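The values are calculated or read from the model by the stated rules, or taken from the named source; none is laboratory data. A quick note: this is a predicted structure, and the numbers were derived from the prediction, not measured. Every residue, glycine among them, receives a Cβ derived from its backbone with ideal geometry; neighbour counts consider all protein chains shown. SASA here: full protein model, heavy atoms, side chains in, ligands and nucleic acids out. Shrake-Rupley method; radii C 1.70, N 1.55, O 1.52, S 1.80 Å.
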Amino acid sequence: MGPLRGVKVIDMTTVLMGPYATQMLGDYGADVVKVESLDGDVTRQIGPTRHPGMGPVFLNTNRSKRSICLDLKKPAGRDAVLRLIETADVLVYNVRPQAMARLQLGYDVVSDINPRLIYAGVFGFGQDGPYAAKPAYDDLIQGATALPALMAQTSDGVPRYVPNALVDRIVGLTAVGAICASLVDRNSTGRGQRVDIPMFETMAGFVMGDHMGGLTYEPPLDKGGYARHLSPDRRPYKTSDGYICVIVYNDKQWQNFFAATGREDLRTNPKFATFAGRAVNIDVVYAELARILETKTTAEWSDILEKADVPVMPMHDLESLLQDPHIVATDFFPVIDHPTEGRIRNMRPSARFSETPVETNRLAPRLSENSAEILGEAGFTPEEIAALVRDGVTKAIPNT
């Protein structure tokens, strides 16, 4: 099932960025083999759990995969992973390239074993700059690409990180696109390649795509920044009994808004009447919008603005999002039975394919759940697998 059926991925990633990317590849039909340490991915320990090692962050970032654990610092562990790589289409890792070289798993080594392999690294920094060997985490890259500074500019002056692993997930998405593009190229050339997806450069482009502004030009025309995004009143708006999310963007929407709210006085106001006028006076425009929306309840505004064809959505919290009528109707969070964790709430892949539909056939695995199966597929005999278990290179399948 899925457009990537037949593609085999060796997933040597941990935490969020790499696992998010490989989960998406698995959702799209690839056979993803997650290679874990003997202790397992650290995200197994994050959040409330019913059983040790099966926390919610792991469950929601590692479906559509099989798990094998190997001690790659032991020669037998390294040899085992090389056997897996021999028949793989893609290898994804998210440690620094220097660490892969120390494990003797650099591109120069594995490409000799499998010239068709797409060797994809998601890590901190491009390897041709002074930060090449630096460690990187989501928070660090958010800070280095101006996100906390922008948060401070739009609120109380205090820099804050976005309360989401934004960098990990955006870089993970970028990795999926780069891997799929490399597979298309390999179909033409017959040869794989090394693909580096650095966090810093990816996020620098992501943030500055909106905020380059006058810094686009040389010499600069201003200090950068997209005024609408930086307006202090670009936020969920307070109503008389809660909050609501509204954006009145183009001229037609503003004309509808004036009619729906009875604010005909604004229709001819040069600060409101045209896109150019609103762009120059965006703080004034959004402040007035905020004052207007305080005059009625959330339900009243939702009804008025829906009828006027003005874009409006509720402001959910984490719990109410699960009950959104559209989310419920599309069954985006189906409650399903996990083999060991019981009833859990899953998430459907958001992309829909007309000819190659995707379904979640594998839920997040227990540590080493598939080790014997995967090693057997790579040609290991039962005796060889037993020896790897005995020597502490891998672990036996856990008890249910």
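Here are the numbers for the structure shown:
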{"item": "Nearest-0.05 FRET efficiency for ARG169 and ALA396, computed from C-beta distance (R0 22 Å)", "result": "0.05"}
{"item": "Gyration tensor (alpha-carbon) shape descriptor, segment 16-76, a/c threshold 1.5", "result": "oblate"}
{"item": "Placed amide H near ARG194: partners under 5 Å, 5+ positions off or other chain", "result": "TYR119"}
{"item": "Cα centroid separation - segment 135-181 against segment 217-265, whole Å", "result": "24 Å"}
{"item": "Charge dipole of segment 332-400 about the Cα centre (unit charges at C-beta), most positive-ward option of PRO357, ALA387, SER371", "result": "PRO357"}
{"item": "Max mean-square fluctuation residue, GNM over the chain, Cα-Cα springs under 10 Å, options GLY172, GLY18, GLY379", "result": "GLY379"}
{"item": "Solvent exposure of segment 325-399 as accessible area per residue, Å², 1.4 Å probe", "result": "59 Å²"}
{"item": "Entries of LYS223/LYS296; LYS223/LYS307; LYS34/LYS134 with Cα pairs more than 30 Å apart", "result": "LYS223/LYS296; LYS223/LYS307"}
{"item": "Integer Hz, Karplus 6.51/-1.76/1.60 couplings in order for segment 125-137, x for Gly and Pro", "result": "9, x, 7, 10, x, x, 8, 3, 9, 6, x, 9, 9"}
{"item": "For segment 311-351 and segment 1-65, distance of Cα centres in Å", "result": "19 Å"}
{"item": "Choice from LEU266, LEU70, LEU183 with maximal GNM fluctuation in the chain (Cα, 10 Å cutoff)", "result": "LEU266"}
{"item": "Rounded to whole Hz, the Karplus (6.51, -1.76, 1.60) HN-Hα couplings of segment 46-54, x for glycine and proline", "result": "8, x, x, 9, 8, 9, x, x, 10"}
{"item": "Cα-based shape type of the chain, given that a ≥ b ≥ c are square roots of the gyration tensor eigenvalues and the cut on a/c is 1.5", "result": "prolate"}
{"item": "Listed peptides 345-353, 217-225, 197-205 by packing density, highest first (mean Cβ within 10 Å)", "result": "197-205, 345-353, 217-225"}
{"item": "Gyration tensor (alpha-carbon) shape descriptor, segment 35-142, a/c threshold 1.5", "result": "oblate"}
{"item": "Segment 166-176 - phi-based ³J(HN,Hα) in whole Hz, Karplus 6.51/-1.76/1.60, Gly and Pro as x", "result": "4, 5, 4, 7, 5, 5, x, 4, 4, 5, 4"}
